[in-house]
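To start, the structure itself, in structure tokens.
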Amino acid sequence: MRTIKFLLQKEFRQIFRNRAILILIMVMPVMQLIILPLAADYEVKNINLSVVDHDHSPYSQQLISKITASGYFRLQGYHTSIKEAYRSIEQDKADLALEIPYGFERNLIREGEQQLFIAVNAINGTKAGLGGAYLADIIRDYNQHIRTELTTPTRFQSLPIIEIVPNNRFNPLLNYQFFMVPGILAILLTMVGGFLSALNIVKEKEIGTIEQINVTPIKKHHFILGKLIPFWILGNVVFTLGLLVSWLVYGIFPQGNLLAMYGFIWVYLLAVLGFGLLISTYTDTQQQAMFIMFFFMMIFILMGGLFTPINSMPGWAKVIAALNPVSYLVEVMRMIILKGSGWRAVLPHLGAILGFALVLNSWAIWNYRKTN
């Protein structure tokens, strides 16, 4: 314990000596947590719509008014032909084009059917898919409204009506920030812990102090613990600041067991710091360590379930996600913060992360080459 105490004093002195890095560690995650959830919006709005209305009837005007009043679409303009609408799409002035044919109202009343033509700018696949789906839903709802108006129910036979009463559990207002903030906090915690620990031993190699440590009687596991504990403490500070920002800025506070969440974070930090230290033992320069960590961070972020549900991934990607510690943290954060889960729900994920922590730290201790 005395040896670890001296190592911790050395590490904390090095950390507090570089105040610029310390400020970045504390300020950058807070600023990112404030900015990113405001920008990372899953809901697509302000979709530019070009309209080609050949009918100019009350029904066509009602349909256009219903579309623009939905809040998702912004009327880019009216065109006399579909070619003009195509040109606006090619010039990126419009995302969708809607063509209403001649006789739209007449065919609806007399024949009970009418086709509409929709052209979608599919360069942005997400915007195209959601925009087309929004427009189709609005037209479908308008169609149902017209059918109800045109059909006169008899005295003994009324129209069947199916009423849907939604109940949004855990996020009643469907606020995307409630979904994004816990995931972004998980990513920021991983980046801070992973990058700092990955650069730590390598820095000792570059400035030459590693040689002085190698000739001392310090054991390898003492050395690794001395490198791990300070950043474990800093990681907890960063996480606590993130929770405060989530509460003060977005009104998001854990609905579940706070101790269960911190217990999981404590073990998770051991895993991610062990991974960073493992990379540090394999590299000789900080540049090498940063590139390798950046490679793994991209996989951790994109395959961690923050942007794409893991259940929607192909089979091989699910295997990679099962080996991704970030996927467990993102899920646990959402479970505790939004669902109000406790220890019982977290235990399976905690067991997996504990396995990661044991393997990665043991590997880092074994791989660290110390010469007496």
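The values are calculated or read from the model by the stated rules, or taken from the named source; none is laboratory data. Note that this is a predicted model, so its numbers are computed, not measured. Ideal geometry is used to build each Cβ from the backbone, glycine not excepted, and the neighbour counts take in all protein chains shown. To get the accessible areas, we keep the full protein, side chains included, count just its heavy atoms, and leave off ligands, DNA and RNA. Shrake-Rupley method; radii C 1.70, N 1.55, O 1.52, S 1.80 Å.
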### Query
Conditions: (1) farther than 25 Å from E331 by Cα; (2) buried (at least 17 other Cβ atoms within 10 Å of the Cβ); (3) in contact (Cβ under 8 Å) with a residue 24 or more places away in the chain. E204 meets all but one. Number of the miss?
(3)
### Summary
Over segment 103-149, the set of residues of a type outside the set (V, I, T), surrounded by 12 or more Cβ atoms within 10 Å (Cβ to Cβ) and not in a helix (DSSP H, G or I) is G103, Q114, L116, F117, A119, N121, A122, N124
### Query
What are the residues in segment 16-26 that are open to solvent by 70 Å² or more (accessible area, probe 1.4 Å) and either on the phi > 0 side of the Ramachandran plot or among the β-branched types (V, I, T) (or both), if any?
I21, I23
### Summary
Quick count over segment 47-67, residues being in a loop (DSSP other than H, G, I, E, B) and farther than 14 Å from H79 by Cα, is 1
#### Entry: Single residue of segment 306-324 satisfying the filter (β-branched (V, I, T) and in contact (Cβ under 8 Å) with a residue 12 or more places away in the chain) that is farthest from G194 (Cα to Cα)
I310
### Query
Taking segment 338-368 as the search range and keeping residues that are open to solvent by 10 Å² or more (accessible area, probe 1.4 Å) and among the β-branched types (V, I, T), which one is nearest to F253 (Cα to Cα)?
V359
### Query
Considering only segment 207-217, how many residues are of a type outside the set (D, E, K, R) and open to solvent by 40 Å² or more (accessible area, probe 1.4 Å)?
5
### Query
Considering L243, L259, which residue is part of a helix (DSSP H, G or I), modelled with pLDDT of 90 or more and closer than 18 Å to L33 by Cα?
L243
### Query
In segment 280-313, which residue that is open to solvent by 70 Å² or more (accessible area, probe 1.4 Å) and assigned to a loop (DSSP other than H, G, I, E, B) is nearest to G183 (Cα to Cα)?
F307
### Task
Only one of these is touching an Asp or Glu at 6+ places or on another chain (Cβ under 6 Å) and touching a residue at least 24 places away in the same chain (Cβ under 8 Å): F73, F104, F12. Name it.
F104
### Query
For R13, all conditions in the list (1) part of a loop (DSSP other than H, G, I, E, B); (2) farther than 27 Å from L108 by Cβ; (3) open to solvent by 30 Å² or more (accessible area, probe 1.4 Å) hold save one; what is the number of the exception?
(1)
### Test: residue in segment 220-238 that is of a type outside the set (F, W, Y), free of Cβ contacts under 8 Å to residues at least 40 places away in the same chain and closer than 30 Å to Q9 by Cα
yes
## Note on the structure
Flagged pairs (Cβ under 8 angstrom, 6 or more apart or on separate chains; first in segment 112-140, touching a residue at least 40 places away in the same chain (Cβ under 8 Å); second part of a loop (DSSP other than H, G, I, E, B) and of a type in the set (D, E)) are K127/D95; G131/D95
